[in-house]
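So the structure is just underneath, and the comments pick up after that.
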Amino acid sequence: MTTPMWIFLNDRFVKDQDAVVSVFDHGFLYGDGVYETIRSYGSRIFMRDHHLARLQRSADAIGLTLPVPQGGWPRLLHEAMERNHVGDEQTDAYLRITVSRGVGEIGLDPALCPKPTLVIMAKPLHPPAEETYRHGVSLIIAQTRRNLPSALSPQIKATNFLNNILAKREAIAAGVFDSLFLNWEGHLTECTVSNVFFVSRNRLHTPAIECGILDGITRELILRFAEELGIPIVEGRFAPQDLLQADECFLSNTSMELMPVVSIDQHLIGDGTPGPLTRQLHGHFIDNHRRFLEPPTAP
């Protein structure tokens, strides 16, 4: 029998079968909301304040008032972990905060919704299998283009994910790990839920923010670690051919850390195995991520 999951909904914890959102919620009707995904290592949340600051920036960008004061999030996140028996020595936690515009009459005016809807979930984190890191993954370059930043800023971590879903459908149809977006100019951007890096001539390359990407928190940390290791960094505008001619490639996000990429559009990257600089950076990440966990006494 499945153990009930506890969900924080608006102002209290309820069991999953009671975590019901109205059909008049503008998150459901229009994708009008923001979210953040966070993880723990054991009982300590990783890059907690960075994630919460990004949630605040996303909310500010769409004129949405978060229903919890900045200092109130840690207690709720830890209670969610404790109630669901995750975030301990056995199981790292996957946390998701979702804030929608809330319930209101049909229409696009945000003023129709007097109060936002808040949902906090805490589940066991299920990272990719170890063999995936040993052998690497394959990508395709999506036919779907990344949203134009002047139309919808990628810095808003919005609940409207249709652009990403279309590209993910392409990856599923091709039988690969994920799709890589190009932007309106044909330059590399990111994958559906991760940032992308590649190595060429012992230099670490990654698309610049101006290409239309989310400034990923793990991306930021990888750039910091590369500086610590003395690895030259190039942030810029890159064509698909730059990536296809690279020696190494990897993806990054909060839950999977660094994931090696060994082929794109059935074209091998380097020798088709995870490269040495990718392994070096991931090893440094594993050895040093504890520096970025919340204090043991949190919240």
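The values are calculated or read from the model by the stated rules, or taken from the named source; none is laboratory data. This one's a predicted model, so the numbers in the text were calculated from it and none came from an experiment. Backbone-built Cβ (ideal geometry, glycine too); neighbour counts: all protein chains shown.
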Among the residues of the stretch 100-118, are any within 25 Å of Gly216 (Cβ to Cβ), in a loop (DSSP other than H, G, I, E, B), of a type outside the set (D, E, K, R) and out of contact with any strand residue (DSSP E or B) (no Cβ under 7 Å at 6 or more places or on another chain)?
no
Need at least 2 residues that are in contact with a Pro (Cβ under 8 Å, 6 or more places away or on another chain), modelled with pLDDT of 95 or more and surrounded by fewer than 16 Cβ atoms within 10 Å (Cβ to Cβ) per element, so show me which strands (runs of 3 or more DSSP E) inside the stretch 232-299 make the cut, counting only ones lying wholly within it.
233-236
What are the residues in the stretch 29-56 that are charged (D, E, K, R) and closer than 17 Å to Leu118 by Cα, if any?
Asp32, Glu36, Arg54
Residue satisfying condition, being free of Cβ contacts under 8 Å to residues at least 60 places away in the same chain and in contact with a Ser or Thr (Cβ under 8 Å, 6 or more places away or on another chain), within set Gly87, Gly107
Gly87
Scanning the stretch 12-30 residue by residue, the ones that are out of contact with any strand residue (DSSP E or B) (no Cβ under 7 Å at 6 or more places or on another chain) and touching a residue at least 40 places away in the same chain (Cβ under 8 Å) total 3
Just to be sure I understand, how many residues within the stretch 185-221 are more than 19 Å from Asn147 (Cβ to Cβ) and hydrophobic (A, V, I, L, M, F, W, C)?
6
Using the structure shown, decide if Thr117 is among the hydroxyl-bearing types (Ser, Thr, Tyr) and over 18 Å from the mean Cα position of the chain (by Cα).
yes
